[in-house]
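The values are calculated or read from the model by the stated rules, or taken from the named source; none is laboratory data. These figures come from a predicted structure and were not determined experimentally. Don't worry about glycine lacking a Cβ; one is built from the backbone with ideal geometry, like all the others, and counts go over all protein chains shown. Surface accessibility is based on the protein's heavy atoms, side chains included, excluding ligands, DNA and RNA. Shrake-Rupley method; radii C 1.70, N 1.55, O 1.52, S 1.80 Å.
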Amino acid sequence: MREYDKELAMKLMIPGEKIEKDGFTIEVKPVPDSLGEHMLDPRVHRDQVDLFEKKMNASADEQPDLEKMRKMAGGFNPNLNSVQIRTRYFEVETDGGTVPVWMYYPRYHTADAPALVYAHGGGFYLGSSFDLESTCRLAAEVSGGFVFDIDYDLAPEKAFPVQAEQCYGVLKWVASQAEEIGFDRERIFMGGDSAGGNLTAVTALMDRDRGTKIMAGQFLVYPVVIMDQEGPEGFARDTSVFDIAHDHSMFLNDMIALGSPEVNQMLSDIYVQGKADLRDPYVSPAYADAEDLPPALIVLSEFDGLRIEGEWYAEKLAKAGVPVRVIRYAGMGHGWFDRLGVYPQAEAAVHELCAFIRRGTP
């Protein structure tokens, strides 16, 4: 089951330190078993040491191809459910093509149950719905609702705007099924991590711009919201905000590479492929008009390059009058939300998500 004591996840549910920042609040959740401030979570440190040793031992020509990278991505996560969770499979027709969708729901539920549409991460070219299967199952139990896990097409085989249109199409389809399946049409949320956070933010924009107004709230886990080299006016990628203990500083540069011009160029080459301006809000949500978007719960990591743009986007939403809450998990890097049972932060974040869904406000 868990690779940690459950008590660690419960500690992370205690309100953290509040930092007031330009109209919104950042809540910092400390590492539950930390040895000091600005140090890596011990599980993150373990994984960073393992990754460093693998890099040191790898030969210069040992570069995995895309197929191998996809096979190595993700992995089995333990099932933390305590009640029976049922599964149904659908194939949804959208303007971006047919999309496989897995639905998870508790055996016993009420007619006013909420729904969550989820988009996995993986840089638009890695990952699948199965990476978040256990996470989605736990969300179904804790929220008492229905979770729809999207297996959207990957780049480079399919490029922008296919993935965005698929996510928006699934959102519309979910809304159309509320009466038949048995959940509350007014309580449909969407969430995603990393690239899935981008697709969630983009779907929220499409939902507003196209007048469907389905989404009751958006859950963004270290989302990609800027894909170009500079970012919008007023944005600055100031890496001096990353204050890390000297003993762990050797890992910092690699951990904060996401969001850099070099990585953005790589991702845009794979995903956008020159089919749109990188400042198009449906590519980079940070360029969008933020008025009248649904409430947002934004989850970030202390040592993740995407923290900078995530906090900037939160400020943009707050200034537009959108209810927004930011949780920053201390000691964490990128890519932990899909590792349920490995990191206590993943379990705690699912509970934060479900509290958001139950309340309807972050």
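What to note about this one:
- Considering only residues in segment 338-362 that are of a type outside the set (Phe, Trp, Tyr), under 20 Å from ALA318 (Cβ atoms) and touching a Pro at 6+ places or on another chain (Cβ under 6 Å), the one that is least open to solvent (accessible area, probe 1.4 Å) turns out to be PRO362.
- In a residue-by-residue description of segment 279-287, the property of being over 17 Å from the mean Cα position of the chain (by Cα), buried (at least 19 other Cβ atoms within 10 Å of the Cβ) and either closer than 30 Å to SER34 by Cβ or of a type in the set (Val, Ile, Thr) (or both) applies to no position.
- Which numbered condition VAL92 fails, given (1) in a strand (DSSP E or B); (2) open to solvent by 60 Å² or more (accessible area, probe 1.4 Å); (3) touching a residue at least 12 places away in the same chain (Cβ under 8 Å): (2)
- Against the conditions (1) open to solvent by less than 10 Å² (accessible area, probe 1.4 Å); (2) under 15 Å from the mean Cα position of the chain (by Cα), TYR271 satisfies every one except (2).
- Of all the criteria given as (1) farther than 25 Å from ASP112 by Cβ; (2) open to solvent by 20 Å² or more (accessible area, probe 1.4 Å), the one not satisfied by GLU311 is (2).
- Test: residue in segment 75-88 that is closer than 29 Å to PHE303 by Cα and at pLDDT below 80: yes
- Some residue of segment 238-252 being surrounded by 12 or more Cβ atoms within 10 Å (Cβ to Cβ), touching an Asp or Glu at 6+ places or on another chain (Cβ under 7 Å) and closer than 23 Å to ALA346 by Cβ: no
- Cβ pairs under 6 Å, 6+ apart, first in segment 5-25 and touching a residue at least 60 places away in the same chain (Cβ under 8 Å) and among the acidic types (Asp, Glu), second surrounded by 15 or more Cβ atoms within 10 Å (Cβ to Cβ) and in a helix (DSSP H, G or I): ASP22/GLU315
- Residues that are over 28 Å from SER129 (Cα atoms) and open to solvent by 40 Å² or more (accessible area, probe 1.4 Å) number at least 2 in the following helices (runs of 4 or more DSSP H) confined to segment 1-88: 6-11, 42-57.
- A residue that is free of Cβ contacts under 8 Å to residues at least 40 places away in the same chain, out of contact with any helix residue (DSSP H, G or I) (no Cβ under 9 Å at 6 or more places or on another chain) and among the aliphatic types (A, V, I, L, M) cannot be found anywhere in segment 239-251.
- Qualifying residue in segment 55-74 (condition: modelled with pLDDT of 85 or more and more than 30 Å from LYS319 (Cα to Cα)): no
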